[in-house]
């Protein structure tokens, strides 16, 4: 809880106050969105070692869960947001068997799963249900301020969750299972079931993020909702800051997404080049992220 | 229609075998997931494009040029990156992320240097007129692509089973530690396999403009997914098992395109997930696979 009060709460407070002094709310919203996604990815990658390359699949499922609930059930945004989370949760349950795979195979299979979901939703044959490749428009529920507030609430919840994972019993069990599954199982930790719970939590977070994205943006296409670079950004931000910490992914998002907005928008290739080089440098020289620079010196990074 | 789909599938499958071949060799020898494989292929395709349009070289001459060039680039590249990676605790996972970064660099540089417009080479440079076989008319480019792929598979087989270097390569595949213990220079063998993997990707790239349509810097990602589907369906870590995967993939794809064209794009992903879920231990287990 101390981590949440010292790191999490100030971040939420800053992003709650920033719209008063800074007019580009969409940019602020994107920062909040990536803070949520990076921490959601942290919950599964940082604490279990499973790297979901297709994390955007849950984000897209959430966005379309929200859109379908609004379009077909005329659901109010709050309810649609819950259904968005539910959609991602159901998808994660279907994909639970993927956790039997390890390492790179899990990552690739997860990527393929996200692509498959995208191809189903964007298929012109399903135009009556999902609007296919032509995208959805949710103008009836458009509410930028309310959706920004909702995103902040989700962010607060997610930060509290990760702070709890770091020091709570469940999170410690996860980390033990990550570091040495056999010994952890010998010590009586239910490695597989706790891993599945982390997987579902992480998917739920991405689903809620997708839902609040759909609400805030209100007009989007399947290729934006399932854009692979969403996964990639979340992974790189988390790795850059340091997985399995609370402040690492936050630092990653602020620094790298800030950099992206400084140089990336006009010529995306240059940013792609820089983050490609950044990834290579990270893996070769700093595989545990910025946080490891301090951790090496014995500092306990929150 | 069925005969045409099956025949076309086998031909197309041969080419997809070639796409997966280098990836699988690299994985088998080094346990490294080369996510940049599709982008190396893309570079091969651009090399063929420029060799044709600037120098006037036909793809048949461009192919050996590209292969030798990529082989020679592959050797120093291996020493630059892989030995350092192998020191890490979870090398396989890190290799995935590392090569993803390399892929991003290649794609970005290609987009900056070549621009993102679609490039192609006219099909007639491979010769004019379709082939006729079993009463079916087959595109000349496809038949040539398949023949080149078959040649590459046979050449790799001869290398692995009939040369000393191939024997050492198979020893490293079977057990890295025991190969090291018996005095094999692991890095030299691995570097060679890595460079051959890049050369095979380059070869596939030279014929990509004819087999996959036009060439763009962003084509690598979809090529990668297809290559992974092929090698996972076939047999991970066993380069020659790629043939089975390639044929299943090619025939499956053409059947889907013939009978359910709207859903054909789903095939590689579903095939990949299906095989992974049905036989996770058989295809992915750390059991030693003899090449």
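Since every read-out is calculated from the coordinates, none of them should be taken as a lab result. Worth saying up front: this structure is predicted, and the values here are computed from it rather than measured. Don't worry about glycine lacking a Cβ; one is built from the backbone with ideal geometry, like all the others, and counts go over all protein chains shown.
What's the Cα-based Rg to Rh of the stretch A:95-226, Rh via Kirkwood?
Numbers: Rg = 18.5 Å, Rh = 17.4 Å.
Using Cα coordinates only, the ratio equals 1.07.
Determine how many Å³ per residue the convex hull of the Cα atoms of the stretch B:88-143 encloses.
Working: hull volume 8.7 nm³, N = 56.
Dividing the Cα hull volume of the stretch B:88-143 by its residues yields 155 Å³.
Considering the Cα trace of the stretch B:1-75, what is its radius of gyration and what is Dmax, both in angstroms?
15.2, 46
Spin-label point model (7 Å from Cα, Cβ direction): what's the residue A:293 to residue A:120 distance in nm?
4.4
Rounded to the nearest 500, what is chain B's calculated 222 nm mean residue ellipticity when only DSSP H runs of at least 4 contribute -39500 (n - 2.57) each, over all residues? Spell out each step's value before the answer.
On the way: 12 runs with 212 residues, N = 291.
Computed mean residue ellipticity for chain B: -24500 deg cm²/dmol.
Students often get this wrong: which residues of the stretch A:260-290 have the backbone nitrogen under 19 Å from the point 7 angstrom along Cα-to-C-beta of residue B:90?
Zone members listed by number: A:279-290.
Taking neighbour Cβ counts within 10 Å as the exposure measure, how do B:231, A:189 sort from fewest upward? Mind dumping the intermediate values first?
Working: B:231 32, A:189 19.
So the ranking, lowest neighbour count to highest, is A:189, B:231.
Starting from the Kirkwood radius over alpha-carbon pairs of the protein assembly as shown, derive D by Stokes-Einstein at 37 °C in a medium of 0.692 mPa s and give it in µm² s⁻¹.
131
Taking a temperature of 37 °C and a viscosity of 0.692 mPa s, what whole-number D in µm²/s does Stokes-Einstein yield for chain B with Rh from Kirkwood over alpha carbon pairs?
Stokes-Einstein gives a translational diffusion coefficient of 170 µm²/s.
What whole-number distance in Å separates the alpha-carbon centres of the stretch A:55-128 and the stretch A:233-256?
Computed from Cα coordinates, the inter-centre distance equals 24 Å.
Go ahead and run the numbers for FRET between residue A:262 and residue A:224, Cβ-Cβ distance against an R0 of 30 Å, rounding to 0.05. The partial results should precede the final answer.
Working: r = 22 Å, r/R0 = 0.73.
So the FRET efficiency works out to roughly 0.85.
Counting each pair of different Cα atoms once, what's the Kirkwood radius of the stretch A:184-296 in Å, rounded to one decimal? List each step's numbers first, then the result.
Numbers: mean 1/r = 0.0616 Å⁻¹.
By the Kirkwood definition, the hydrodynamic radius is 16.2 Å.
What is the gain in length, in nm to one decimal, between residue B:113 and residue B:68 on full extension, counting 0.36 nm per residue of separation less the C-alpha to C-alpha distance? If you can, show how the numbers build up before the last one.
Numbers: separation 45, 0.36 × 45 = 16.20 nm, distance 2.26 nm.
Computed gain between residue B:113 and residue B:68 is 13.9 nm.
Defining a contact as two alpha carbons under 8 Å apart and six or more residues distant in sequence, what relative contact order in percent does the stretch A:2-226 show? Each step should come with its number before you reach the end.
Details: 331 pairs, mean separation 85.5, N = 225.
Dividing the mean separation by the residue count of the stretch A:2-226 yields 38 percent.
Just grab the label-to-label distance for residue A:143 and residue B:60, each label 7 Å out from Cα along the Cβ direction, in nm (one decimal).
7.0
Report, in degrees rounded to the nearest 10, the 0 to 90 angle that the Cα long axis of helix B:186-211 makes with the longest principal axis of chain B.
10
Need the C-alpha centroid separation for the stretch B:178-250 versus the stretch A:159-231, integer Å.
33
Kirkwood hydrodynamic radius, computed over distinct alpha-carbon pairs, for the stretch B:80-204: how many Å, to one decimal?
Details: mean 1/r = 0.0544 Å⁻¹.
For the stretch B:80-204, the Kirkwood estimate is 18.4 Å.
Taking the Cα centroid of the stretch B:92-136 and of the stretch A:277-298, what is the distance between the two, rounded to the nearest whole Å?
Going from one Cα centre to the other spans 33 Å.
Angle, helix A:77-94 long axis vs. longest principal axis of chain A, Cα atoms, 0 to 90°, nearest 10?
Between helix and principal axis, roughly 60 degrees.
Order these by the 10 Å Cβ neighbour count, fewest first: A:44, A:232. Kindly include the intermediate steps, with their values, before the conclusion.
Details: A:44 26, A:232 19.
Ascending number of Cβ neighbours within 10 Å: A:232, A:44.
How large is the Kirkwood hydrodynamic radius of the stretch B:169-291, in angstrom, based on all distinct alpha carbon pairs? Walk me through the numbers before you get to the answer.
Values: mean 1/r = 0.0610 Å⁻¹.
Answer for the stretch B:169-291: a Kirkwood hydrodynamic radius of 16.4 Å.
Do the sum for chain A: with -39,500 (n - 2.57) for every DSSP H run of n ≥ 4, divided by all residues, what is the mean residue ellipticity at 222 nm, to the nearest 500 deg cm²/dmol? Intermediate values should be presented prior to the final figure.
Values: 15 runs with 204 residues, N = 302.
Only helices count here, giving -21500 deg cm²/dmol.
Give me the percent of Cα-Cα pairs in chain A that sit more than 31 Å apart, rounded to a whole number.
Values: 11692 of 45451 pairs.
Beyond 31 Å sits 26 percent of the P(r) for chain A.
Which residue fluctuates the most in chain B, going by a Gaussian network model with Cα springs under 10 Å, if the choices are B:54, B:255, B:167?
Comparing B:54, B:255, B:167 in the GNM, the peak value goes to B:54.
Can you give me the angle between helix B:220-234 and the longest principal axis of chain B, using Cα atoms only, in degrees from 0 to 90, rounded to the nearest 10?
Around 70 degrees separate the two axes.
Compute a Gaussian network model of chain A, connecting alpha carbons closer than 10 Å, and tell me which residue from A:27, A:174, A:200 fluctuates the most.
Looking only at A:27, A:174, A:200, the largest GNM fluctuation is found for A:27.
What shape does the stretch B:176-244 have by the C-alpha gyration tensor, where a ≥ b ≥ c are the square roots of the eigenvalues, rounded means a/c under 1.5, and otherwise prolate means a/b greater than b/c and oblate the rest? Walk me through the intermediate numbers first.
On the way: a/c = 3.06, a/b = 1.94, b/c = 1.58.
It comes out prolate by the Cα gyration axes.
Using a Gaussian network for chain A with springs between C-alpha atoms less than 10 Å apart, which of these wobbles most: A:179, A:128, A:227?
Of the options given, A:128 has the highest mean-square fluctuation.
Zone of residue A:277 (label point 7 Å along Cα→Cβ, backbone N under 20 Å): which residues in the stretch A:225-241?
What the label zone holds, given the 20 Å backbone N cut-off, is A:233, A:236-237, A:239-241.
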